[in-house]
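Data first, discussion second: the structure below is written as structure tokens.
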Amino acid sequence: MNAPVFATLGCRLNAYETEAMKELAAAAGVANAVVVNTCSVTAEAVRKAKQEIRRLARENPGSPVIVTGCAAQTEPATFAAMPEVTRVIGNTEKMQADTWRGMTADFIGQTERVQVDDIMSVRETAGHLIDGFGRHRAYVQVQNGCDHRCTFCIIPFGRGNSRSVPAGVVVEQIQRLVDKGFQEVVLTGVDLTSWGADLPGLPRLGDLVMRILRLVPDLARLRISSIDSIEADEALMQAIATESRLMPHLHLSLQAGDDMILKRMKRRHLRDDAIAFCETARGLRPDIVFGADIIAGFPTETEQMFANSLQLIDDCGLTFLHVFPYSARKGTPAARMPATPGPVIRDRAARLRARGEAALQAHLASQQGRLHHVLTEGPRMGRTEGFAEVAFATDQPEGQIITTRITGWSGQRLTA
Ligand code: SF4
């Protein structure tokens, strides 16, 4: 009996949930199966999910194939129609022990093939605590879903409305991982800055950060995965300024650098808000490093509007750029807007990536000769507090924090 083969696409939240599913499947005795945890953020992500399903079905002949994740939640029929697929499971069902108990070998094919409930009716986060993580940095889910409705985004339809994991459960989860030897934990969710809006006393993300650092004193490094800068609270800014165990690295959900496009995206910030946030945070924590998501070719984007997005990289001092060529998602308002031609989208994405690469190279060059605390993730690879990758010339103990002087950089990595 072989443990199921798990494949994870998409975000850190999916990665966390895959770890939880591994434990649920093991506890239920599920074996000789393939589980694909999908993403639906772009049409390309759905295409990749189908490709992965076909590949794994070929490589595991006779094994039942279970498809879950956001693409299974938003378009179950697409996967139910695939001959390779045995079961389609929703984002809520995948985190329930009963779902896995109902999946032992002789059950496959007997119960309904598609188990995908209405995600919008979900009010609770799945309180599943994990015991480990397949790497040296552990992702911890603190929030799920989203109450916003950005015009290009399908995520709320895959994840439901926003709901928070209570602080006590988060602290217990992190203590459990620290007891297992994890040096770094990454708080993850869909819309992290809305954490607490559904909890008594309406605590904010900054309150959670402070509470974790206070109640888990032996946690060496706490990292925040991605935030909506316009919703950063006072306590979070305080933590950025004063807590050395909070990593000086923030990934910002900026999406564009032009006010008209931001309005048409139904974002809650304007370009000057993003610039002001980065200046304030850098004033509080001079070594802070920013990453950001930016969409290229949103419908109605003119060359001048795009130029404003390009310029935002310098105006905010961004280092790690995630570029998303606009992808129309069926059912979203933006999909009904006048589209930007495909070649223009691809050209703008390439120009954004080139500008992003130049910003990264400038950052790497600026680190030469500096001392850094690096969490090693492999014998010769690790990451700084600012999230830059480091290649070591000699073998290092894994999963440890090493203080080292940067000797230079090569490609997208620092060297030491
Ligand atoms: S904030 Fe906007 S982009 Fe982010 S998940 Fe919610 S709807 Fe999507």
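Tabulated values for the structure
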{"item": "Single unsatisfied condition, D147 versus (1) charged (D, E, K, R); (2) at pLDDT below 95; (3) out of contact with any Gly (no Cβ under 8 Å at 6 or more places or on another chain)", "result": "(2)"}
{"item": "Residues satisfying the stated conditions in the stretch 265-274, i.e. more than 13 Å from the ligand (Cβ to nearest atom) and open to solvent by 30 Å² or more (accessible area, probe 1.4 Å)", "result": "L270, R271, D272, D273"}
{"item": "Test set (1) in a helix (DSSP H, G or I); (2) modelled with pLDDT under 95; (3) open to solvent by 10 Å² or more (accessible area, probe 1.4 Å) - T18 fails condition number", "result": "(3)"}
{"item": "Evaluation of G181 against (1) within 16 Å of the ligand (Cβ to nearest atom); (2) part of a loop (DSSP other than H, G, I, E, B) (one fails), failing number", "result": "(1)"}
{"item": "Number of the condition not met by V46 [criteria: (1) under 27 Å from Y326 (Cβ atoms); (2) in contact (Cβ under 8 Å) with a residue 12 or more places away in the chain; (3) surrounded by fewer than 16 Cβ atoms within 10 Å (Cβ to Cβ)]", "result": "(3)"}
{"item": "Residues that are under 29 Å from T74 (Cβ atoms) and aliphatic (A, V, I, L, M), drawn from the stretch 302-345", "result": "M305, L321, V323, A328, A334, A335, M337, A339, V344, I345"}
{"item": "Matching residues in the stretch 182-213 - criterion: being charged (D, E, K, R) and either assigned by TED's automatic domain parsing to the domain that holds T384 or open to solvent by 10 Å² or more (accessible area, probe 1.4 Å) (or both)", "result": "D191, D198, R204, D207, R211"}
{"item": "Candidate set from the stretch 360-387 (those that are without any contact (Cβ under 8 Å) to a residue 60 or more places away in the chain and among the polar types (S, T, N, Q)); member that is nearest to I401 (Cα to Cα)", "result": "T384"}
{"item": "For S40: the one exception among (1) touching a residue at least 12 places away in the same chain (Cβ under 8 Å); (2) open to solvent by 10 Å² or more (accessible area, probe 1.4 Å)", "result": "(2)"}
{"item": "Top-ranked residue in the stretch 206-232 [being closer than 14 Å to H251 by Cβ and aliphatic (A, V, I, L, M); ranked as nearest to the ligand (Cβ to nearest atom)]", "result": "I227"}
{"item": "Every pair of residues 6+ apart whose Cβ atoms lie under 9 Å, when the first sits in the stretch 248-261 and is away from the ligand (no atom under 16 Å from the Cβ) and assigned to a strand (DSSP E or B) while the second is among the charged types (D, E, K, R) and at pLDDT below 95", "result": "none"}
{"item": "Residues of the stretch 137-178 classified as within 13 Å of the ligand (Cβ to nearest atom), part of a loop (DSSP other than H, G, I, E, B), within 21 Å of A232 (Cβ to Cβ) and open to solvent by less than 10 Å² (accessible area, probe 1.4 Å), total", "result": "1"}
{"item": "In the stretch 116-126, the residues that are closer than 22 Å to V169 by Cβ, modelled with pLDDT of 75 or more and touching a helix residue (DSSP H, G or I) at 6+ places or on another chain (Cβ under 8 Å)", "result": "I119"}
{"item": "Single residue of F290, F306, F320 found to be closer than 30 Å to G158 by Cα, in contact with a Cys (Cβ under 8 Å, 6 or more places away or on another chain) and not aliphatic (A, V, I, L, M)", "result": "F290"}
{"item": "Selection from the stretch 75-115 of residues that are in contact with a strand residue (DSSP E or B) (Cβ under 7 Å, 6 or more places away or on another chain), part of a loop (DSSP other than H, G, I, E, B), surrounded by fewer than 22 Cβ atoms within 10 Å (Cβ to Cβ) and modelled with pLDDT of 95 or more", "result": "E84"}
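The values are calculated or read from the model by the stated rules, or taken from the named source; none is laboratory data. All values derive from a computational prediction rather than experimental measurement. Here the Cβ is made from the backbone with ideal geometry for all residues, glycine too, and neighbour counts use every protein chain on show. All accessible areas refer to the heavy atoms of the entire protein, side chains included, with ligands and DNA or RNA removed. Shrake-Rupley method; radii C 1.70, N 1.55, O 1.52, S 1.80 Å.
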